[in-house]
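Report on the following structure.
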Amino acid sequence: MEVKKDYQGIIEKRAKRVFDAMAPRTSEADMIRLKDAFELAREAHAPQVRKTGEPYILHPIAVATIAAEELRLDINSVIAAFLHDVVEDTPHSIEEIQIRFGEDVAYLVKVLTKPDKHLSPEKSKQVDNFRQMLNSMQRDIRPIFVKLADRLHNMRTLSSMKPHKQMKIAGETDYFYAPLANRLGLYYVKTELENLSFKFRCPHDYEEISNWIELDRRQQKERLERFRQQVQATLMASGIEAHVAIEYREPYSIWRKMRKYGDDFNHLKYRHFTEIIFKVPEGSEEKETALKIYSILTDSFREKPGGLSNYIDSPKENGYQSLHVKLLADFGRWQEVHISSRRMSEDSHRGLDTRHSQEYIERWLHKFRSTLRDIGNHETGIDFMEKVTASFYNDDIMVFTPRLKTIMLPQKACVLDFAYEISTETGDHAKYARVNGFLAPVTSPLQRGDVVEIFTDPEVVPTFERLSAVTTYKARNAIQTYMGSIPKPKFCRCGFCKPIPGEEVIGFLEDDNSLTLHKRDCPIAIRLASQRGDRIQSVDYEPDGTLYPVTLTIKAVDRIHLFVDIADCISKRLNLNMTRYDASCKDYIVSMEISFGIHSYEELETIMNSVSQISGVDEVKRKLD
């Protein structure tokens, strides 16, 4: 009985913490509702205990505490945090929740209640749960925030679970919840979820990197503290009130950077950064103060060229704002410095729900919802989750149209991704671009701040090569949709001999009943004929408008206008588009390769004969390798 009394004291104390956090911003009537929700949750979960042996009610209290203190959610969200497991794990119903706490709370609790466990196998249960939460964003973003609070507490107490359960929950967290927190601007939630997941998925790596960080912290302490004090003193001398601290990156961030750059810990740059959180003087603006601090610091410390990143004017799509600059310390190492206002720092904790105007949130949600609807219409099961998580970009770049309309894209996005953000038609027919005024192919990668102008041609259409270049779901789906609309060819072509219409060919029926064409002198065809003669099929291989890529190798004696004459023969007289050419000249002997598309073997022979007639050309061959 003493244990129960002790727990009752703990329960009351922790619940009071929630009430105290909400009281300053909540009416008396709503405080009564909040306390009533706590009492219902305590009564409903009374028989239950967690894996730790603690009363289960401590979990809803912890989730409500995170919602109230760390995320500062509204009253109904905190009530739903108390009640989020009541319907799923106890006899109480959604209808009862609605009668006692209203339709809004009932909706939140319903979204947070997992789908019926008996309706689907384990794999699709997870997907259905994710889908239910994401679909709620069509109406309301708050259930996602409560669910993230729930997941954060589960991860903080994951050590009580068995190893296989730890792996499952940690995997879900790294795959879905941490990227989602990042997408919603909850930087600190994202960071903690990533690290807790890493700790349970890869305990050896986590411990090893943690030890390296601690050792580095001790070894670098004196000189980093000296740099910190120099920065602090420089700002104080200019009348700037700011908190300056050295922050080490977390183990997961270090591990990810090591994998990305192929560096070991000791050679990894920017294992830590200097954080400056400033108070905005009365009558001043955040940006004005940030730029003043930047100016003061670069007057006192050498700035690394190209090391400035302005996330104040160009925030990440999750809303993150700061001014990043790299400064040279007196011990000869570049130091990464983050300059943020108190408001910017607090928003990193609280996320999208509190950071921006309602107009901004609605605009962001509209884009995200449209992506979810598109994915939901085309994908099911695991494919649905693959596409959704791919849309939670880890980092964003902001690029612009010539009229300075902002387009947000993931890192590693290319011009074609940009084109599809403009419209599907623009992406489908994009021929080339100008990036910052310079000519660029549509597969060119983009950088933050690029100004991109797209030029289209109705004759240009999506290809499989373009599919491999794009990053965004919108671009990939549009290209796949177009490619899926193209009638499948009757035949597959052998990749060694590359037959084209008009050549002597033979077909072999594969095990899946598809037909592969070979030239009759193809070594593979000869081998198959001796081993599987019963699979031979007669084939009429006629031109049908398809262009087949070919490459010619040409040898000639060099002279003025040689290339012009060859190009004119292929492009102008025969009306074919060259896709690649390469030439070299040694001792007046030119070796040249030219690639283009043809419709038939007869057309290829015409081209080869025409090129052979050009003055100086000695040899023309078709390249097969």
Checklist line | Scan of region 265-295 for residues that are polar (S, T, N, Q) and either open to solvent by less than 70 Å² (accessible area, probe 1.4 Å) or under 14 Å from I240 (Cα atoms) (or both), ordered by number | finding: T274, S284, T289, S295
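Based on this model, can you work out whether P24 counts as of a type outside the set (S, T, N, Q), buried (at least 18 other Cβ atoms within 10 Å of the Cβ) and without any contact (Cβ under 8 Å) to a residue 40 or more places away in the chain?
Details: of a type outside the set (S, T, N, Q): yes; buried (at least 18 other Cβ atoms within 10 Å of the Cβ): no; without any contact (Cβ under 8 Å) to a residue 40 or more places away in the chain: yes.
Here the answer is no, as P24 does not meet what is asked.
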Check: How do the helices (runs of 4 or more DSSP H) wholly within region 1-86 filter down when requiring 2 or more residues that are of a type in the set (V, I, T) and under 20 Å from H153 (Cβ atoms): which remain?
Finding: 2-22, 58-65, 75-83
Next item on the list: Taking T516 as meeting all but one of (1) in contact with a strand residue (DSSP E or B) (Cβ under 6 Å, 6 or more places away or on another chain); (2) part of a loop (DSSP other than H, G, I, E, B), write down the number of the exception.
Entry: (2)
Note to self: Restricting to region 527-540, and then to whatever is surrounded by 13 or more Cβ atoms within 10 Å (Cβ to Cβ) and assigned to a helix (DSSP H, G or I), can you tell me which residue is farthest from the chain's Cα centre (by Cα)?
What the structure shows: A529
Check: Which numbered condition trips up C569, out of (1) modelled with pLDDT under 85; (2) surrounded by 13 or more Cβ atoms within 10 Å (Cβ to Cβ); (3) not charged (D, E, K, R)?
Finding: (1)
Margin query: Restricting to region 313-346, count the residues that are open to solvent by 10 Å² or more (accessible area, probe 1.4 Å) and part of a loop (DSSP other than H, G, I, E, B).
Written below: 12
Margin query: Which count do you get for residues in region 572-590 that are at pLDDT 85 or above and part of a helix (DSSP H, G or I)?
Written below: 0
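Please tell me if H153 is free of Cβ contacts under 8 Å to residues at least 24 places away in the same chain and at negative phi. Walk me through it before giving the result.
On the way: free of Cβ contacts under 8 Å to residues at least 24 places away in the same chain: no; at negative phi: yes.
No.
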Checklist line | Unique match (being in a helix (DSSP H, G or I) and within 18 Å of I407 (Cα to Cα)) among E425, E453, E465 | finding: E425
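Take the conditions touching a residue at least 24 places away in the same chain (Cβ under 8 Å) and buried (at least 18 other Cβ atoms within 10 Å of the Cβ) and apply them to V505. Does it pass? Explain how you work it out, then say what you get.
Numbers: touching a residue at least 24 places away in the same chain (Cβ under 8 Å): yes; buried (at least 18 other Cβ atoms within 10 Å of the Cβ): yes.
Considered against the rule, which asks whether it is touching a residue at least 24 places away in the same chain (Cβ under 8 Å) and buried (at least 18 other Cβ atoms within 10 Å of the Cβ), V505 comes out as yes.
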Margin query: One residue is enough: does region 541-557 have a residue meeting the conditions modelled with pLDDT of 85 or more, open to solvent by 60 Å² or more (accessible area, probe 1.4 Å), out of contact with any Gly (no Cβ under 9 Å at 6 or more places or on another chain) and assigned to a strand (DSSP E or B)?
Written below: yes
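Quick grid of which residues meet (1) more than 19 Å from the chain's Cα centre (by Cα); (2) more than 30 Å from R343 (Cβ to Cβ); (3) charged (D, E, K, R):
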residue	(1), (2), (3)
A149	yes, no, no
L152	yes, no, no
S159	yes, yes, no
L186	no, no, no
T191	no, no, no
K199	yes, yes, yes
Next item on the list: Output the residues belonging to region 579-601 that are farther than 16 Å from E619 by Cβ, surrounded by 14 or more Cβ atoms within 10 Å (Cβ to Cβ) and of a type outside the set (V, I, T).
Entry: Y581, S595, F596, G597, H599, S600, Y601
Next item on the list: Return the total of residues in region 238-260 being over 35 Å from the mean Cα position of the chain (by Cα) and open to solvent by less than 90 Å² (accessible area, probe 1.4 Å).
Entry: 3
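The values are calculated or read from the model by the stated rules, or taken from the named source; none is laboratory data. All of these numbers come straight from a predicted model, not from anything done at the bench. Neighbour counts are summed over all protein chains in view; Cβ atoms, including those assigned to glycine, are modelled from backbone coordinates with ideal geometry. Heads up: the accessible areas ignore ligands, DNA and RNA and are worked out on the full protein's heavy atoms, side chains in. Shrake-Rupley method; radii C 1.70, N 1.55, O 1.52, S 1.80 Å.
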